[in-house]
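The structure under discussion appears below in the form of structure tokens.
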Amino acid sequence: MTTPDSIPAQDFTLNDGLTIKNAHIHLNPGVDELYNDAIRLGEGVKAATGPLTVRTNKTGRSPKDRFIVEDAETKENVWWEGFNVPIGASVFDNLLEKMLAYAEGKELFVQQVYAGTDPAHRIACQMITEMAYHSLFIHNMFVRPSAEERKNFQAEWTVLNIPSFKADPAVDGTRTDTFILVNFGKKMIIAGGTQYAGENKKGIFGVLNYLLPAKGVMPMHCSANVGEDGDVALFFGLSGTGKTTLSADPSRKLIGDDEHGWTDTGVFNFEGGCYAKVINLNAEAEPAIYQTTRNYGTVLENVVLDASGTPDLNDGSLTENTRSAYPIDQIANIQPGSVGGIPKNVVFLTADAFGVLPPLSRLTPEQMMYQFISGFTAKIPGTEQGVTEPTPTFSTCFGAPFMPRHPGEYARLLAQKVKESGAKVWLVNTGWTGGKYGEGHRMSIKHTRALINAALSGELDDVEFKRDPFFHLDIPTQVPGVPSEVLNPRDAWADKDAYDETARKLARMFRENFRRFESGVDQAVTDSMPNPDA
Ligand code: ATP
Ligand code: MN
């Protein structure tokens, strides 16, 4: 590896007296430096328009390769189901030792940053990466300390991410050569095998999701923005449902696009940047996010450049999950400090590829619990021949892979916050209408925005709602700026029998998924389940 002569080798001390010997450390490198290093190290190129454009060996997260070290505390408090899989402390210690030896003499990048904009709840993180582009990603995505804060920076958590270090599953006790191991006792995350930068942010997100409920703070996989009169709205949803897209609304100030905490006084962003999907991004529909794909300082992941070196956002040949990672101040209309007051509205986003959920409906407190624990969205059919059906995804709390505790714990905390605040709760389908995927079409962003803005502004307070028989959702009968045939999904389908059949099918999937939670919730919550026999 080429190592810059300007950086002398030194032993770098992590927590617990651990050291990386003779490392060439870039401490808190800035944007210009990281561009140079990333390009020198062959990680990527500068696009003609400015962004650093990189390719990665993995183009998405590896949730099945993430493990949590089991100790006396996590044994009790982690919900050991689904994505939360325990691993022994000795597996962690052994891999860490190997990584430290592997890193000896190497060039490494260290960013000292915060996760959390609220000083009372943030954690100070030391992010040690092999890749310069990861360091730029972290610089963009985490909360950058002020010069004053940097002087006395004391890291609490350490992340060591070395993609070129691969585990040997047979010897090391991992699932594959890729691993992300979270150790709450040591306050460390170690990762190897994957170049996907999103692991850096989602690893720390999982840490906050574990720690904050113990302080009465609700950690959330949601975006947030604030209206002119200070009203805060949250947008929960799984990947691809529109958190980033819809929170960047020209008429509202952006607080953050992915991860927030809800305290006794309001909400705060965990991050200092945004991570937007950019496949087929339309400059007219999403001007603010489009602009970030042209800016210096942005990291573009797996976006293909055309012959002139310009990003081609319509090219999904490397992956459909192309991404732009940029500091939040690249968006013009942002809320200073990335904090806001107590939310007035909570929106659950779902991209229903079955095309049967209403574009907008209002939820009762019981329905909110039900939908939050269900965490539904749907994937569009893959490219596999003959597969034409959408696949449902049920992911508790709209983020199962990042939630270490029992979903009931998060659901109760959210229900308590919503009750205390009197916030209104909405379910918005940003997915298909007029038919399932392949027959209908995706809801227009314009209509979705109009629906959401009507809900947030209070315009729907005096409108009549009708309850749909399958999902028991209350649907407004009129919304300004939206044609009425769009409001009720059954009206949008030409073939009503096909609608009923598809709605019944999805209702059965909802019930089937919820079976494992039924015993843990109130009767009123199970009573609000969808009804396939309507
Ligand atoms: P992640 O958790 O992976 O960051 P996300 O919830 O932030 O996902 P977005 O990045 O906002 O999701 O992705 C939504 C995608 O769907 C965008 O590509 C957007 O252009 C597209 N889209 C199409 N129609 C709509 C709609 N009606 N509402 C929202 N997004 C839409
Ligand atoms: Mn997003």
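Worth pointing out:
- For residue 256: the one exception among (1) more than 22 Å from residue 326 (Cβ to Cβ); (2) within 15 Å of ligand 1 (Cβ to nearest atom): (1)
- Total residues in the stretch 436-478, condition assigned to a strand (DSSP E or B) and among the aromatic types (Phe, Trp, Tyr): 1
- Of all residues in the stretch 323-337, those being open to solvent by 10 Å² or more (accessible area, probe 1.4 Å) and not in a loop (DSSP other than H, G, I, E, B) number 8.
- The listed residue being over 15 Å from residue 367 (Cβ atoms), β-branched (Val, Ile, Thr) and either assigned by TED's automatic domain parsing to the domain that holds residue 433 or over 32 Å from the mean Cα position of the chain (by Cα) (or both), out of 486, 521: 486
- Entry remark, the stretch 261-287: residues being assigned to a strand (DSSP E or B) and within 13 Å of ligand 1 (Cβ to nearest atom) number 5 in total.
- Every condition in (1) within 21 Å of the chain's Cα centre (by Cα); (2) in the same structural domain as residue 395 (by TED's automatic domain parsing); (3) part of a loop (DSSP other than H, G, I, E, B) holds for residue 251 except the one numbered (1).
- All positions within the stretch 245-278 that are open to solvent by 10 Å² or more (accessible area, probe 1.4 Å), within 11 Å of ligand 2 (Cβ to nearest atom) and closer than 26 Å to residue 124 by Cβ: 258, 275
- Residue 239 open to solvent by 10 Å² or more (accessible area, probe 1.4 Å), assigned by TED's automatic domain parsing to the domain that holds residue 422 and more than 14 Å from ligand 1 (Cβ to nearest atom): no
- Top-ranked residue of the stretch 422-449 - restricted to ones that are among the aliphatic types (A, V, I, L, M) and open to solvent by less than 30 Å² (accessible area, probe 1.4 Å), ranked as farthest from residue 490 (Cα to Cα): 423
Yes/no matrix, rows are residues, columns are (1) in a helix (DSSP H, G or I); (2) acidic (Asp, Glu); (3) free of Cβ contacts under 8 Å to residues at least 24 places away in the same chain:
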position: 166; (1), (2), (3): no, no, no
position: 175; (1), (2), (3): no, no, no
position: 186; (1), (2), (3): no, no, no
position: 199; (1), (2), (3): yes, yes, no
position: 202; (1), (2), (3): yes, no, no
position: 206; (1), (2), (3): yes, no, no
position: 209; (1), (2), (3): yes, no, no
position: 219; (1), (2), (3): no, no, no
position: 224; (1), (2), (3): no, no, no
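- When residues in the stretch 68-90 are screened for being open to solvent by 20 Å² or more (accessible area, probe 1.4 Å) and either part of a strand (DSSP E or B) or on the phi > 0 side of the Ramachandran plot (or both), 2 of them pass.
- Of all residues in the stretch 479-528 being of a type in the set (Asp, Glu) and outside any helix (DSSP H, G or I), the one that is surrounded by the most Cβ atoms within 10 Å (Cβ to Cβ): 495
The values are calculated or read from the model by the stated rules, or taken from the named source; none is laboratory data. Computed from a predicted model, the values in this text were never measured in an experiment. Ideal geometry is used to build each Cβ from the backbone, glycine not excepted, and the neighbour counts take in all protein chains shown. Remember, those area values only see protein heavy atoms, side chains included, never the ligands or the DNA or RNA. Shrake-Rupley method; radii C 1.70, N 1.55, O 1.52, S 1.80 Å.
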